[in-house]
Structure formats: C-alpha cells, structure tokens
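Coordinate-derived values only; no laboratory data. Since the structure is predicted, the reported quantities are computational estimates derived from the model, not experimental observations. Here Cβ is always computed from backbone atoms with ideal geometry, including for glycine, and neighbour counts include all displayed protein chains.
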Amino acid sequence: MTNLTATHNLSKIVAASITKVSTPFKQPMLFKGHNLCSREGYRLKLHFSDGTIGKGEASPLPGFSQESLNDCLLQLKQVLAPLNLNQPIDLSKADAPSVAFALDCALSKTSYEVDSMTLPNEMPLLIGSNQTIVKEYKQLGKPDRIKLKAARQAPSLDAALVNQLHQLNPALKCILDANQAWTAQDADEFANRIPCKVIAYIEEPCATYDDTMGFFKTTGIPVALDETLQNKNFKFHPQAGIAALVIKPSLIGSFARCQRCIEVAKQHNIQTYLSSSFESPMAIKQLAYLAQCWTPNQPAGLDTIKYLDIDKLTLTPIAQWPQKPCSTDG
Ligand code: OSB
Ligand code: MG
C-alpha cells in the first residue's frame, strides 16, 4: 500500500485560503431524512514555500456526518490561524472527519488531476423508483455488478426489483445498501423473496450490529460495514459473514484512520472499497487517486458524481491567510 500518511513539514505552509463550494443536485436527494437540493462544502488550498499547492475538501454530509458545515469552517479557521503569525499550523484542532480528510489531502498534495472522463465506473449506483432503475440498468447495458439502495420502500418491492433485474441478467450480482433501515423482520422478508445468490452482499442491513450479524446467520447473505465504521468507538472484530468494509474518507477522517481500517481488513481477507460521500468533482478525483493507491484491485464507489449538476458548481471565497487588511470575504 502506498503510504500517504501525513508526515508533513508543517512549517512549510506559507499561505492558505478557504472557498465555499456549492453544487446543485440534478434532483433533490434524500439522506436519512434530510432532503437536499445542493451539496455544500469548503475547499482548502495550501501554498507551500517551494511554490507547490495542495487542495482538500471538507463536505460534511447531513444525516451521516456529526459535524455541521459551520463546525467545519470554525475548525479550518482555528487550524489555519497560526499562519497569521507565521507559525506552524496545529492539526490537533481538526477532529471532524471531513476536516481531517480535507487537511490530509491538502497536506499530502493528493492528486486531483485524474481525468474526470476516465473516472472508473466500476460500481454503478442506481437510485430511484423501480421503474427508473430498470430503465437505467438496461441503458447501462445490463452490467454484472451494480449497487442499489434498499429499504426505501417495502421489502417486497425491493425484492421485486432485484428479481426483475435478475431476470434481465442471470449473472447479476447486486450490492445492496439498506443504510441500517431494516428491522430484522424486514431483512428476513426481503431475503425470503429473492434467490440469495443474486446478492453479493448487503451494506448495513439492520439498525443494530447484532441484527446485521443475525441476518447473515439466518440467511447466509454476507454483509458489509459502512456506518458502523464511522463510529469512533467501534472496534472492528472480524466475523464470519462480513464480506467488505466500506471506507468513506469524508466520514471516517484522517488518512491514518482510513489506512488502519484497510490494513485490518487485509489481514483478515475482507474486501475494502473506497467510496464517496457525494463530494464535488475535485474531491471525487482525489478519492479515485487514493483508491488506486490504497485498494488497487477493488472497485471504488464514485458514481455519486452523476447526481450532481457540476456545470452549476459555484465557488465563493471565504477567507485567506495571512489575512490581508482588506480581505475578499464572500
Ligand atoms: O450509503 O453507502 C452509502 C454516499 C454517501 C452516503 C452514504 C452512502 C453513499 C454511497 C456512495 O452509496 C456510493 C457507493 O458507495 O457506491
Ligand atoms: Mg453504505
């Protein structure tokens, strides 16, 4: 694994700026009860004394991130404040995962030069009504691997969708993601209505970890952990039935934390895949780059980009360091 752990020379940052980035969704998107029309975050730009720059993005995701957008701005300002006095920055002030991720990207000058046209689309993400999903699946040429959101309708309707897709392509292996929204009964009802082999694994089927592991025990369908890993107090113990760990750097945090998860999974032959949290194109390209470094043989979940209207992305300058007497506060 390429070691991108942030061993930065903090004294070499000579200037920094923060810009607000806002990108409308093509249509409103539901995130655990939050109906969002646009995706908001902060871009951080660091200037180093050798003339190079590093960029990062802190985009907390409502419903998933604990920190608010305002928390991010406050933390970034606190971290960068010493630059006014020509002093090294202090990373201990950045404990919000999206901020830690942004700082590590900027400090390690993570590439954002990946050509967006060549972004790998190894795991198409299909969201919408059953009818829309079937239509999109056909338009994509019936790929063998897709990711679907589950538990946004009755288990019987989720099962009907999976069965319909399976009829279109008997080789299909679905990754399902229930975002912890099923009860144990819902999950069993779903499993009873589908041929189990059509499911590669289900991310976070149930509200509790015990029900999620119980689901594997009763159905034999493997599960993947995502939200569970984002809990700072969760200690990962490998268990039969855990097929994959989903690493969302914006929600997990520093490179060191992400790499620790990947390392533990590797030791136990559990797959890991890097996945986005609906970041803007720049951060998606950085995630594509990190996925190449950290999980080179795994698909990356970066298909969120298609839900953003990136032609309407706006950037607004917010702050810069060293602070000028007459700054361009936006
Ligand atoms: O539930 O996995 C999720 C994005 C933001 C927040 C939560 C999730 C997602 C994704 C990203 O599904 C795409 C992917 O993992 O393929
Ligand atoms: Mg998930």
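Hey, what's the Cα Rg ratio for the stretch 116-308 versus the globular rule of thumb, 2.2 N^0.38 Å?
Cα Rg divided by the expected 2.2 N^0.38 Å: 0.99.
Check ASP90: other-chain or 5+ apart residues with amide H under 5 Å from its amide H, H built from backbone geometry?
Placed amide hydrogens put nothing under 5 Å from ASP90.
Can you give me the Cα centroid spacing of the stretch 204-277 and the stretch 43-116 in angstrom?
So the separation of the two Cα centres works out to 26 Å.
Restricting things to alpha carbons, find the Rg to Rh ratio for the stretch 60-106 using the Kirkwood radius for Rh.
My calculation puts Rg/Rh at 1.01.
Can you tell me, using C-alpha contacts under 8 Å and at least 6 residues apart, the relative contact order of the chain as a whole percent?
22
Which is the longest stretch in the chain that no exposed loop site breaks, taking sites as chymotrypsin sites (Phe, Trp or Tyr not before Pro) with a DSSP loop state and at most 16 other Cβ atoms within 10 Å?
On the way: sites that count: PHE234, PHE236.
Between exposed loop sites, the widest span is 1-233.
As a test of the formula, what do you get for the chain when each DSSP H run with n ≥ 4 contributes -39,500 (n - 2.57) and the sum is divided by the residue count, at 222 nm and rounded to the nearest 500 deg cm²/dmol?
Details: 10 runs with 102 residues, N = 330.
Helix contribution divided over all residues of the chain: -9000 deg cm²/dmol.
Within straight cross-link reach of LYS138, meaning Cα distance under 16 Å, which lysines are found once same-chain residues fewer than 8 apart are removed?
LYS147, LYS173
Between ALA240 and ASN121, what length comes free when the chain is fully extended (0.36 nm per residue of separation minus the Cα-Cα distance, one decimal in nm)? Kindly include the intermediate steps, with their values, before the conclusion.
On the way: separation 119, 0.36 × 119 = 42.84 nm, distance 2.90 nm.
The ALA240-ASN121 span can extend by a further 39.9 nm.
Limiting things to C-alpha atoms, what are the Rg and the maximum Cα-Cα separation (Dmax) for the chain, in angstroms?
Taking only Cα atoms of the chain, I get Rg and Dmax of 20.6, 67 Å.
Stretched out fully, how many nm does the piece from LYS312 to ALA160 gain, at 0.36 nm a residue minus the Cα gap?
Taking LYS312 through ALA160 to full extension adds about 51.1 nm, to one decimal.
What nm distance separates the two modelled labels at GLU113 and LYS12, each placed 7 Å from Cα along Cα→Cβ?
With each label point 7 Å from Cα toward Cβ, the separation is 1.7 nm.
Set Lys and Arg Cβ to +1 and Asp and Glu Cβ to -1, take the dipole of the chain about its Cα centre, and tell me which of PRO155, ALA58, LEU290 lies farthest positive.
LEU290
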